[in-house]
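Inspection log for the structure reproduced underneath, given as structure tokens.
Values in this text are rule-based calculations from the coordinates and carry no lab data. Keep in mind that this is a model prediction, so the values were computed, not measured. Here Cβ is always computed from backbone atoms with ideal geometry, including for glycine, and neighbour counts include all displayed protein chains.
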Amino acid sequence: MQKSNVKFIANWKEHKTYNQGVSDFHKILNYCESLNNLDKEVIVCPSYPFLQSFSSELIKSVAVTHLSLGSQDISRFEEGAYTGEVSIKLLNEFVKYAIIGHSERRANFNETDEYVSQKALICFNNQVTPIVCVGEESQVNALASFVGRSFLVAYEPIGAIGTGHPESPERIKDFRRIVSHVLGEEVGFIYGGSTDLSNVNTFLDIPGVSGLLVGGASLKPETFIEMISRI
Ligand code: PGA
């Protein structure tokens, strides 16, 4: 069955110099200008300093119907004396999406389920769609109060991230069932973890998988574009 609105999310993490990022974004933007039906949505999540200039390029381009920006995190506080944080009120001028609860943030920055919930609420209150990363069932259960809200769940098992060993389609199907059970069938479900050119279709063919969160393979725009073109 042909899926509609398949999401390809590029998570650039803490990579790229400014010039590299600008050049790579232009390649993705040019490609998205050539997309003419609405079966694909491309979401680029770069480091914060890129967002303002990418956004002003994007709104001048016809690519805007297929391409959006996302942040890689948001502050769990809306505003105030929180040195180093970036508020949703600044970000929502530029982004449609925000990745929250990525396992790298949970592991390296002590991000808890409570923080992830606070961030999700802030997104809902500020017209940003959260892409909530989860790797375990308990992290899904922690989102139960958001049933009926508009958000995406990205299943990213830790052992699959950046290892070259993606999760098995069987386990992804099982996890989709868990997510549907807790959060409802309607919630968008994305898979991430060692996706690349060789396995795009394997994951997107799984019923209920509506997109991919791509780390390493999104860093080369040519590879990322080729992945998007595969479906
Ligand atoms: P990977 O990263 O594609 O490099 O495994 C995915 C992610 O961390 O979002």
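Assorted remarks:
- Selection among V64, S75, N92 by position relative to the dipole of the chain gives V64 as farthest towards the positive end (Cβ unit charges, Cα centre).
- Each of G162, H181, I228 was placed along the dipole of the chain (beta-carbon charges, centred on the mean Cα), and the one lying farthest toward the positive end is I228.
- The slack in the chain from K173 to V147, taken as 0.36 nm per residue of separation less the alpha-carbon distance, amounts to 7.4 nm.
- Nonlocal amide H pairs with G211, under 5 Å, H built at 1.01 Å: K7, Y191
- Largest GNM mean-square fluctuation across A142, A98, A107, computed for the chain with C-alpha springs under 10 Å, falls on A107.
- Maximal additional length on extending the N5-I158 stretch stands at 52.5 nm, based on 0.36 nm per residue less the C-alpha distance.
- Helix-only [θ]222 nm of the chain, DSSP H runs n ≥ 4, -39500 (n - 2.57) each, per residue, nearest 500: -10000 deg cm²/dmol
- Residues considered: N110, N92, N11. Largest GNM mean-square fluctuation over the chain, using C-alpha springs under 10 Å, is found at N110.
- Residues considered: G80, G216, G188. Largest GNM mean-square fluctuation over the chain, using C-alpha springs under 10 Å, is found at G80.
- Inter-site label distance for V64 and E226 at 7 Å from Cα along Cβ, in nm: 3.2
- For the range 34-186, the square roots a ≥ b ≥ c of the C-alpha gyration tensor eigenvalues yield an a/c of 1.5 or more together with a/b not exceeding b/c, which makes the shape oblate.
- Applying 1/(1 + (r/R0)^6) with R0 = 45 Å to the Cβ-Cβ distance of L197 and E78 gives a FRET efficiency near 0.65.
- Hits among lysines - C-alpha to C-alpha of K220 under 22 Å, sequence gap 8 or more where chains match: K7, K13, K16, K27, K40
- Computing FRET efficiency as 1/(1 + (r/R0)^6) for A107 and E137, where r is the C-beta to C-beta distance and R0 is 22 Å, gives about 0.80.
- About the centre of its Cα atoms, the range 1-152 shows a dipole size close to 340 debye [charges on the beta carbon of Lys, Arg (+1) and Asp, Glu (-1) only; nearest 20 debye].
- Residues in the range 24-45 reached by a label modelled at E57 [backbone nitrogen below 20 Å; 7 Å Cα→Cβ]: 24-36, 41-45
- Only Lys, Arg, Asp and Glu carry charge here, each on its Cβ (+1 for the first two, -1 for the last two); on that basis the range 62-200 has a dipole of about 220 debye about its Cα centre.
- Scalar couplings 3J(HN,Hα) for the range 75-81, obtained by applying the Karplus form with A = 6.51, B = -1.76, C = 1.60 to θ = phi - 60°, are 6, 7, 10, 6, 5, x, 7 Hz; x denotes Gly and Pro.
- Close amide-amide hydrogen proximity is noted between I43 and F8, I9, A10, S68, each under 5 Å apart and 5 or more residues distant or on a separate chain (H modeled in the peptide plane; Pro and chain starts excluded).
- Local net charge near C45, Cβ-Cβ under 11 Å (Lys/Arg +1, Asp/Glu -1): +1
- Estimated inter-spin distance, K27 and L90, nm [label 7 Å along Cα→Cβ]: 2.9
- Cα gyration tensor category, rounded, prolate or oblate, for the range 67-106 with a/c compared to 1.5: oblate
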